[in-house]
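Novice: Below are the structure tokens for one structure; questions will follow.
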């Protein structure tokens with residue numbers, strides 16, 4: 001990794017905790033050359049228009065992701081409903097053919113509140129930690145979390161209403177998520193209760209899907225309502241401590257989206273569909289520090305940008321595997 | 001706004017002082033952020049209210065830690081729900097506040113009859129909320145500990161006849177003696193709890209392994225002793241001759257120390273409302 005990418009890596013960790021991305025102070029000569037070449041290049045503009053006219057918008061990754069998300073949650077439901085015992089429990093904690101799996105944030109809450117860790121809890125948490133280090137941290141959010149899917153649909157409604165000028169997106173300070181994470185951790189330690197678990201829409205939804213609906217769904221509805229009429233994807237963007245926990249895991253994960261400066265027309269379609277557009281600051285004209293820039297840990301690896309990019313400048317990558325091939 | 005414009009705007013707002021409209025926007029954003037903070041924290045902290053106002057304690061599954069430790073350690077996954085053969089365990093809803101998603105037993109609707117033979121809910125628990133062995137730093141309340149491991153009548157003749165339980169989850173008490181059929185010297189004939197009752201119970205005479213509906217097992221007893229005859233734990237309850245204040249002799253169910261609080265007596269009690277109830281989290285008092 002070049003010194004510039006290392007600096008960017010650190011910056012992206014700050015962005016994960018809520019800092020706003022900044023203009024890079026230094027850009028590598030190779031990237032500078034491309035930035036320079038793109039300025040006022042008529043061929044490039046013609047090429048851009050051509051690509052625009054022929055772009056085929058695919059939903060490949062979205063469809064795969066939705067299928068995975070629905071399958072994972074359905075497996076929980078069916079395991080109980082049909083008593084096939086493949087994936088027993090809920091998203092907070094479960095057993096996959098007997099192996100303990102425990103959600104990292106729920107485990108953290110329980111450890112902080114109860115202050116006593118039994119072996120099964122440790123084993124389950126360790127297994128899940130390894131799993132999501134391998135698969136990309138916040139990959140959990142977009143590929144497994146049932147609230148994410150509902151919020152994605154709510155976002156579609158929000159965007160439709162916004163287009164009709166009936167609502168406007170009221171954005172907020174992203175540092176709030178870090179503040180929430182700290183508050184809920186402190187509350188767990190101080191009160192001895194897993195306070196966040198009482199309002200976690202992920203836990204509530206997962207249990208509702210498996211054990212049947214309850215009044216707790218009203219809280220989930222309230223969140224969705226807030227997101228449709230007031231603030232786009234507010235819970236996932238500004239509040240959810242689970243996202244931050246998995247984001248931290250994603251710092252060291254090899255699975256990520258990689259950006260290639262060469263073919264990018266800097267039209268920003270990717271930033272429009274992205275849940276966390278601050279991780280895509282590098283696609284803005286003149287910002288990329290290298291020819292290839294990996295996207296930071298707050299990225300949920302949802303692949304919407306990969307689907308929408310007309311030039312294939314954004315793609316999934318497993319760090320190290322390209323070298324092997 | 002195209003990317004170019006936004007870029008230019010970003011670049012320009014770093015040098016000159018922030019414009020009035022931008023400052024206003026920023027202030028509104030801070031306000032909104034504070035609003036969301038308040039909303040989410042308010043919702044989270046309102047979870048404490050039911051704990052403060054709780055009228056009646058929940059009966060927790062076997063092996064449960066004391067209520068506060070239980071709420072702090074339960075990860076709300078419902079694995080205990082999934083292993084229970086009689087579906088005695090249910091998950092609490094929003095009205096339980098901080099206890100949302102935690103397991104409880106409503107013994108009148110479906111008691112824990114130990115038809116799993118081995119308190120499987122404890123085995124299923126991933127966090128030790130339900131536990132065979134309480135960690136050393138958690139004290140055992142006086143009277144909560146069982147004098148001996150409870151002997152399950154169903155497997156009394158097995159090499160290992162006991163349940164791996166060290167503390168009771170509650171204690172049965174004859175809360176409405178005036179309604180008790182035994183005390184009145186009455187018998188009982190028919191389906192206890194009526195034909196529509198969905199509760200299940202393991203009847204050793206019907207099937208050693210499979211619990212059946214209570215409604216499928218009608219009774220005909222000259223003197224009601226349903227709570228005693230269906231109690232799954234050896235020596236936990238018996239019909240005794242007691243003396244009433246006026247000196248007259250009566251029969252009455254009497255609860256003994258081995259009672260673990262499973263609730264089968266409450267479930268099968270034929271009078272409405274039940275004459276015998278489980279006091280959740282209660283300890284044995286002499």
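Each value in this text was obtained by applying a stated rule to the coordinates, not by laboratory testing. Small disclaimer: the values here were computed from a predicted structure and weren't measured. Heads up, the Cβs are rebuilt from the backbone with ideal geometry, glycines too, and the neighbour counts pull from every protein chain shown.
Novice: Average partner chain C-beta neighbours within 10 Å, per residue of A:166-173?
Specialist: Details: counts 0, 0, 0, 0, 7, 5, 10, 8.
For this peptide, the per-residue mean of nearby foreign Cβ atoms is 4.
Novice: With N set to the residue count of segment B:173-237, report its C-alpha Rg divided by 2.2 N^0.38 Å to two decimal places. Intermediate results must be reported in sequence, preceding the final value.
Specialist: Values: Rg = 12.6 Å, N = 65, 2.2 N^0.38 = 10.7 Å.
Against the empirical 2.2 N^0.38 Å value, I get 1.18 for segment B:173-237.
Novice: Mean 1/r over all different Cα pairs, inverted: what Kirkwood radius does the protein assembly as shown give, in Å? It would help to have the intermediate numbers written out before the result.
Specialist: Details: mean 1/r = 0.0363 Å⁻¹.
After inverting the mean inverse Cα-Cα distance, the result is 27.5 Å.
Novice: While we're looking at this one, here's another question. Against the longest principal axis of chain B, how steep is helix B:3-12, in degrees 0 to 90 to the nearest 10, with axes from Cα atoms?
Specialist: Once rounded, one gets 70 degrees.
Novice: Counting other C-beta atoms within 10 Å, which of B:104, A:246 has the fewest, and how do the rest follow?
Specialist: Numbers: B:104 19, A:246 28.
So the ranking, lowest neighbour count to highest, is B:104, A:246.
Novice: Right, another one. If I take the Cα coordinates of segment A:43-137 and project them onto the principal axes, what are the three extents in Å, biggest first?
Specialist: 65, 34, 19
Novice: Next up: Per the helix-only calculation at 222 nm, which mean residue ellipticity applies to chain A, given -39500 (n - 2.57) for every DSSP H run of n ≥ 4 and division by its residues, nearest 500 deg cm²/dmol?
Specialist: On the way: 16 runs with 180 residues, N = 325.
About -17000 deg cm²/dmol.
Novice: Can you give the translational diffusion coefficient of segment A:130-279 in µm²/s, computed by Stokes-Einstein from the Kirkwood radius over Cα pairs at 20 °C and 1.002 mPa s?
Specialist: Reported coefficient: 126 µm²/s.
Novice: Of all the C-alpha pairs in segment A:259-325, what % are more than 20 Å from each other? Intermediate results must be reported in sequence, preceding the final value.
Specialist: Details: 467 of 2211 pairs.
Result for the distance tail: 21 percent.
Novice: Moving on to the next point. Please order B:90, A:25, A:291 by the number of other Cβ within 10 Å, starting at the fewest. Mind showing how you got there, number by number?
Specialist: Details: B:90 19, A:25 8, A:291 14.
With the sparsest Cβ surroundings first, the list reads A:25, A:291, B:90.
Novice: Mind checking the angle between helix A:60-81 and chain A's longest principal axis? C-alpha axes, 0 to 90 degrees, to the nearest 10.
Specialist: It works out to around 0 degrees.
Novice: When the gyration tensor of segment A:209-325 is built from Cα positions, what are the square roots of 5 times its three eigenvalues, in whole Å, from largest to smallest? Intermediate values should be presented prior to the final figure.
Specialist: Details: eigenvalues 196, 64, 30 Å².
Taking √(5λ) for each eigenvalue gives 31, 18, 12 Å, largest first.
Novice: Please compute one quarter of the surface area of the Cα convex hull for segment B:117-174 and express it in square nanometres.
Specialist: Working: hull surface 21.3 nm².
If you wrap the Cα atoms of segment B:117-174 in a convex hull and average its projections, you get 5.3 nm².
Novice: I would also like to ask the following. Let me know the volume per residue of the alpha-carbon convex hull for chain B, in Å³.
Specialist: Details: hull volume 64.3 nm³, N = 286.
Normalising the Cα hull of chain B by residue number yields 225 Å³.
Novice: With the alpha-carbon atoms as the only input, what is the per residue convex hull volume for segment A:14-87 in Å³? Could you put the intermediate results ahead of the total?
Specialist: Numbers: hull volume 14.8 nm³, N = 74.
In segment A:14-87, the Cα convex hull volume per residue is 200 Å³.
Novice: Give me the distance between the Cα centres of segment B:174-227 and segment A:254-325, rounded to whole Å.
Specialist: Here the answer is 68 Å between Cα centres.
Novice: Taking only Cα atoms and a 10 Å spring cutoff, compute GNM fluctuations for chain B and point out the largest among B:146, B:91, B:41.
Specialist: Result for chain B, Cα springs under 10 Å: B:41 fluctuates most.
Novice: Give the span of segment B:162-286's Cα atoms along each principal axis, as three whole-Å numbers ordered largest to smallest.
Specialist: So the three principal-axis extents are 45, 37, 23 Å.
Novice: Let me ask you something else. Compute the long axis of helix A:241-250 from its Cα atoms, compare it with the longest principal axis of the Cα atoms of chain A, and write down the angle in degrees, 0 to 90, nearest 10.
Specialist: Tilt relative to chain A: about 60 degrees.
Novice: Also, I was wondering about something else. Just to be sure I understand: with springs between alpha-carbon atoms less than 10 Å apart, which residue in A:57, A:266, A:158 has the highest mean-square fluctuation in the Gaussian network model of chain A?
Specialist: It is A:57.
Novice: Using alpha-carbon positions, what is the distance between the centroids of segment A:118-151 and segment A:166-204, in Å?
Specialist: 18 Å
Novice: A follow-up question, please. Considering every pair of different Cα atoms, what Kirkwood radius, in Å, is found for segment B:7-136? List each step's numbers first, then the result.
Specialist: Details: mean 1/r = 0.0551 Å⁻¹.
Computed over segment B:7-136, the radius equals 18.1 Å.
Novice: Another question, if that's okay. Using a 10 angstrom cutoff on alpha carbons, build the Gaussian network for chain A and name the most mobile of A:205, A:74, A:49.
Specialist: It is A:49.
Novice: If you look at just the Cα atoms of chain A, how large are its Rg and its Dmax in Å?
Specialist: Final numbers for Rg and Dmax: 20.8, 66 Å.
Novice: Something else now. Go ahead and run the numbers for FRET between residue A:9 and residue A:55, Cβ-Cβ distance against an R0 of 41 Å, rounding to 0.05. It would help to have the intermediate numbers written out before the result.
Specialist: On the way: r = 31 Å, r/R0 = 0.76.
The calculated FRET efficiency here is 0.85.
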